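The values are calculated or read from the model by the stated rules, or taken from the named source; none is laboratory data. Owing to the predicted nature of the structure, the values given are computational and were not obtained by experimental measurement. Virtual Cβ from ideal backbone geometry, glycine too; neighbours counted across all protein chains shown.
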Amino acid sequence: MDNFIIHGGRAMSGEVRISGSKNAALPILAATMLTREKCEIKNVPDLMDIKSTFELLNYMGKKCFFGFNTFTVHESAGLKHHAPYDLVRKMRASMLVAGPLLARFKNVRFSLPGGCSIGVRPIDIHLEAFKKLGAAVSYERGDVILTTAGLKPARLKFRFPSVGATENLMMCAALLKGTTVLENCAREPEIEDLARALIQMGALVEGAGTSVIRISGAAALKGLKYTVMPDRIETGTFMLAAAAAGGTLKLLNTDAALMTPVTGALKKAGVGVISEKGGITVSSSGGRPRPVSITTRPHPGFPTDLQAPWVAFMSRAEGVCEVHEAIFENRFMHAAELMRMGADITVTDRKAVIRGVDRLLGAPVMASDIRAGAALLVAAAAARGKSIIRRIYHIDRGYEKIENKLRLAGVRIERVKG
């Protein structure tokens, strides 16, 4: 098992190229199940979750090729309708094949999904929505079975703006004749990216990026040639790393318009952020930032996936601030590891109170999930001395070759065998 060793306390500099968005790529790759025709998806990050999707699609009967950040999908004679436990347990996004397969073949069976241990993240929002389109739901030996005599368009309202449920139902509706209306949808930019891909395949999608989405499906969808949007979570992680460690760092191949909540919070903390076409430049003295409290919200609020790196950045704030986690119920596991580095954090339920300290010190720590691992990278880059981050396979699920990018930015980091 690999570890990262980081000698922190050095200012960051130079340029880093941001990868394509994992959270946008995964549903778009699932959408290739909607068509028999060839699909080519570019700017796909080389990540463990993408490789898991590669394995899943190949198992289901697609023929996939992945290299140089391009994912190509062909269809062979027939597709399986069962996504088994050994594949689905690796990541939660595997269940995004449910919507396409149900719409195309009228039945699908998939194992209850796995993924990060950041909360329950129930799939009942997905299942209730499928029922309203005409699917029957049953369970057998840890699997969910969806069947239908024929789905029909409907108007339905999610009880929570779930990103996964919004994506699953958008894809399902793309193959239904007539118009399906989804209310209380997730508004994340990745939803808009999926909508653009579905439109290119032949569906009519209106309202993506708002709380109400209308999908007019087609009897058959075309192949796809598409370029995935930049990863706003990776962008935010590097913004926070530069803010914490100090220096001037330019981020390329990203979209400043996606980063408004983070940019606003950083500026309040005293960090310089310059937005330009195709990039963002972050400048920081590396001194103690002003304390800024945040609450995570569905987009366009502060993203939950950047809550952990924000806590790491605020650990050296000159004062006290609070971080409220309004999305997931178990997403402060990074706090205990940051405290090993000298942070002063008190967690109560979904709130963390951070009392800023003068400095963080390097220490051996352990990643518990993708974004907690990112928080430890931010802290280790800013800390004095040597840090060892263990269980970095979590980080590999969400960040493409991050040690190479950090090294380009001036961070002393190496990957070693544990």
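The set of residues from region 344-375 being in a loop (DSSP other than H, G, I, E, B) and under 14 Å from S293 (Cβ atoms) comprises R350, G356.
Evaluating L29 against the criteria (1) over 29 Å from K250 (Cβ atoms); (2) modelled with pLDDT of 90 or more; (3) over 24 Å from the mean Cα position of the chain (by Cα) leaves one unmet condition, (3). Can we say E414 is crowded, with 19+ Cβ neighbours inside 10 Å and either over 19 Å from the mean Cα position of the chain (by Cα) or not assigned by TED's automatic domain parsing to the domain that holds S162 (or both)? No, not satisfied.
Let's see how each residue does on (1) within 30 Å of A129 (Cα to Cα); (2) free of Cβ contacts under 8 Å to residues at least 40 places away in the same chain; (3) among the hydroxyl-bearing types (S, T, Y):
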position: F4; (1), (2), (3): no, no, no
position: A11; (1), (2), (3): no, no, no
position: S21; (1), (2), (3): yes, no, yes
position: A25; (1), (2), (3): yes, no, no
position: A31; (1), (2), (3): yes, no, no
position: E37; (1), (2), (3): yes, no, no
position: I50; (1), (2), (3): yes, yes, no
position: H81; (1), (2), (3): yes, yes, no
position: V88; (1), (2), (3): yes, yes, no
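Taken over region 58-88, the residue count meeting the criterion of being over 18 Å from T227 (Cβ atoms) and in a strand (DSSP E or B) is 6. Scanning region 377-418 for residues that are assigned to a helix (DSSP H, G or I) and touching a helix residue (DSSP H, G or I) at 6+ places or on another chain (Cβ under 6 Å) returns V378, A379, A381, A382, H394, I395, D396, R397, G398. You will find that of A352, A381, A372, A335, the residue that is without any contact (Cβ under 8 Å) to a residue 40 or more places away in the chain and of a type in the set (G, A, S) is A335 and no other.
Results for (1) modelled with pLDDT of 95 or more; (2) part of a loop (DSSP other than H, G, I, E, B); (3) surrounded by fewer than 22 Cβ atoms within 10 Å (Cβ to Cβ), shown as yes or no for each residue.
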site	(1), (2), (3)
L156	yes, no, yes
F160	no, yes, yes
L176	yes, yes, no
L182	yes, no, no
L194	yes, no, no
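Of the residues making up region 264-310, those that are of a type in the set (S, T, N, Q), under 21 Å from A245 (Cβ atoms) and touching a residue at least 24 places away in the same chain (Cβ under 8 Å) number 5. Selection of region 53-91 for residues being closer than 21 Å to G398 by Cα, surrounded by fewer than 20 Cβ atoms within 10 Å (Cβ to Cβ) and at pLDDT 90 or above yields F54, E55, C64, F65, F66, G67, F68, N69, T70, T72. Does any residue of region 101-108 turn out to be touching a Lys or Arg at 6+ places or on another chain (Cβ under 9 Å) and either assigned to a loop (DSSP other than H, G, I, E, B) or on the phi > 0 side of the Ramachandran plot (or both)? Within region 101-108, not a single residue is touching a Lys or Arg at 6+ places or on another chain (Cβ under 9 Å) and either assigned to a loop (DSSP other than H, G, I, E, B) or on the phi > 0 side of the Ramachandran plot (or both).
Please work out which residue is farthest from I199 (Cα to Cα), limiting yourself to region 220-236 and to residues that are part of a strand (DSSP E or B) and touching a helix residue (DSSP H, G or I) at 6+ places or on another chain (Cβ under 8 Å).
Start the filter on region 220-236 by keeping residues that are part of a strand (DSSP E or B), which leaves 224-227, 230.
Narrowing the set further to residues that are touching a helix residue (DSSP H, G or I) at 6+ places or on another chain (Cβ under 8 Å) leaves 224-226, 230.
On the way: L224: 10, K225: 12, Y226: 11, P230: 19 Å.
Selected residue: P230.
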